[in-house]
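All remarks here apply to the structure that follows.
Just so you know, all these numbers are worked out from the coordinates, no wet-lab data involved. Source: prediction; values computed, not measured. Quick reminder, even Gly has a Cβ in these numbers, built from the backbone with ideal geometry, and neighbours come from all protein chains shown.
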Amino acid sequence: MEKRCKCCERRLILHPAVRHQEYCRDPECQKARKRKWQKEKLASDSDYRANQAEAQRQWCSRNPDYWRQYREKNPAYTETNRMGQKGRNRRRRSGGEVAKMDELKGEPLIKSGCYRLVPLCNPGIAKMDELIVELGVISRGYVVRAERL
């Protein structure tokens, strides 16, 4: 059976010391392998994620003028970003749907009132633990106030 590289799809020459080899030795393929590993590690390991964030903060504190210098050296990037920000600002000011795309329109599906919530982890087994909650429909223009129970 012939294996192919997951990145470039060329025939893979297997290294005897690498049991589950999926990428060839090409530097671009190795970069893709490392990017995939880092993405998975960031998603699954909170310690790794915290360490990476701290390293980023330290780098930013050592290089405070990096972005200013980058913008000076790359005027095309700066202009593209500026135009994009103008569009984002325009959409925000016009009240277009930017963040609340799942907002309920028309009649609410759930009526305000008291409801009993019962866990359904094992249907058919009698459970005594339940939660009694009060649900209220929040209308547009609702202002959140801090309330203590």
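Observations
- For the residue pairs K3/K41; K6/K34; K36/K73, the alpha carbons lie more than 20 Å apart in K3/K41; K36/K73.
- 3J(HN,Hα) along the range 58-75, derived from phi through the Karplus expression 6.51 cos²θ - 1.76 cosθ + 1.60 where θ = phi - 60°, amounts to 5, 4, 5, 5, 7, 10, x, 9, 4, 5, 4, 5, 4, 5, 5, 7, 10, x Hz, with x in place of Gly and Pro.
- Under a model in which nothing but the beta-carbon of Lys, Arg (+1) and Asp, Glu (-1) is charged, the range 1-64 shows a dipole of about 160 debye around its Cα centre.
- Computed over neighbours whose Cβ is under 14 Å from that of K41, the net charge equals +3, Lys and Arg +1, Asp and Glu -1.
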